[in-house]
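FYI, it's all coordinate maths here, none of it is from the lab. What you see is a predicted model; the values in this text were computed from it and never measured. Neighbour counts run over all protein chains shown; Cβ positions are idealised from the backbone, glycine included.
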Amino acid sequence: MTKLALIAASALALALGFGLTPEALRLGPVPGALVLVSLAIGVACAASGGFPALAIASGATAGFASAVLAPSSAAAAGGVLFGLAYAERTARIRSPLARLVHLGAALTTGALAGVIVVAYANPGIPPAVRIVAVVVAAVLSSLPMMVDADDATAHTLDGIASGVGEPSRSALRVGADLRRTAHEILLDGATARGVHTTWRALVRLAEARHRLERSGTTAASASRASGSTTHPVIEMVDTRIREHVAALARAYTAVDAARAARVGLDDAALRNVTNAGETFEDESLALVHVGTTMRGLVNATPNASPVSDASREHSGAGRASDARESPQPTRDDVSHDV
């Protein structure tokens, strides 16, 4: 869901940027450049999923460069705009090959988007057609989002971990790995806000630890000899970093365990399937019993036919004997009646 929302936000920002590019260029050098720079910053922030300093700087540079190149080449302007707008996200891709693919996709789709929008920017073209062109360009230029990038917080923690000593280095790397997998665990509102605050505090502690590492590198031995408080402060920060990582890991583990227990206790589907199976078993046994009974009746029918024939013969013989015993009318009786 996060990736889909990011693609939608980026597509909207790109659609507004490319839709207003021709009009912005007609405003004049300074106003047009300001409009393009603002829209480019929005594109870069939407692509990054936040407001990091690198995204804002690259977005501003992209807007200025595209404003300069747009009058001469729409393809070059679009490629530079999207290539720089995706710069922060490109830096967060861990694989070199994937990073190269992401950069190439940003440049290519940006160039195509610029050509499409400028080709339909003529005021004589119906507005509906121009809107369709902008939407197509926005969707096309959001294709680099299909390349997975590292989480911003995890990327920051990994970068800081490489510049600090132990034990914070291991703790920060553990926190970065936790951040990469924790986004799959859904949290409720209050818990999510608390966890988000803890992540921000961990990043601030990591940055403070990095500053202490850089400031104390040249004077480490002198500070220890003079009894300076630099070393105790470093120990305190290291402890706080470990505590934050442990608290986050415990929170995610507890939420995941509670959700698993809730799923395990919810046996309604199991009961429904069990009841359905028992019902079908009873139905099948009843059908077998009825079939056996019917076969028994069919097999018993031929044995009863001789008795019926004998009874019919007996009734026929009785009617014949009654006919013989009854007196037949004589000729005199018939003449008398006449």
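What is the range 87-154 by shape, rounded, prolate or oblate, if you read a ≥ b ≥ c off the alpha carbon gyration tensor as root eigenvalues and call it rounded for a/c under 1.5, prolate for a/b larger than b/c, and oblate otherwise? Each step should come with its number before you reach the end.
Numbers: a/c = 4.13, a/b = 2.83, b/c = 1.46.
It is prolate, given that a/c is not under 1.5 and a/b is the larger ratio.
Extending 7 Å from Cα along the Cβ direction at residue 128 and again at residue 271 yields two label points whose distance is 5.6 nm.
Between residue 162 and residue 68, take the C-beta separation as r, use R0 = 35 Å, and let me know the FRET efficiency to the nearest 0.05.
0.45
Shown in residue order for the range 240-245 are the 3J(HN,Hα) couplings computed by the Karplus curve 6.51 cos²θ - 1.76 cosθ + 1.60 at θ = phi - 60°: 5, 5, 4, 5, 5, 5 Hz (x for Gly and Pro).
Spin-label model, residue 188 to residue 300: label points 7 Å out along the Cα-to-beta-carbon direction sit 6.6 nm apart.
Among rounded, prolate and oblate, which fits the range 44-88 when a ≥ b ≥ c are the square roots of the eigenvalues of its C-alpha gyration tensor, a/c under 1.5 means rounded, and a/b larger than b/c means prolate? It comes out prolate by the Cα gyration axes.
Note on 80, 147: ascending count of other Cβ atoms within 10 Å places them as 147, 80, the fewest first. Of the residues 244, 102, the one with the fewest other Cβ atoms within 10 Å heads the list, and the complete ranking is 244, 102. The 3J(HN,Hα) values that the Karplus relation (6.51, -1.76, 1.60; θ = phi - 60°) gives for the range 113-124 are, in residue order, 5, x, 5, 5, 5, 5, 5, 10, 8, 5, x, x Hz. Gly and Pro appear as x.
Could you sort 103-110, 198-205, 273-280, 251-258 so that the peptide with the highest average Cβ count within 10 Å comes first and the rest follow in order?
Values: 103-110: 21.5, 198-205: 16.5, 273-280: 10.2, 251-258: 13.9.
The packing order, highest mean first, is 103-110, 198-205, 251-258, 273-280.
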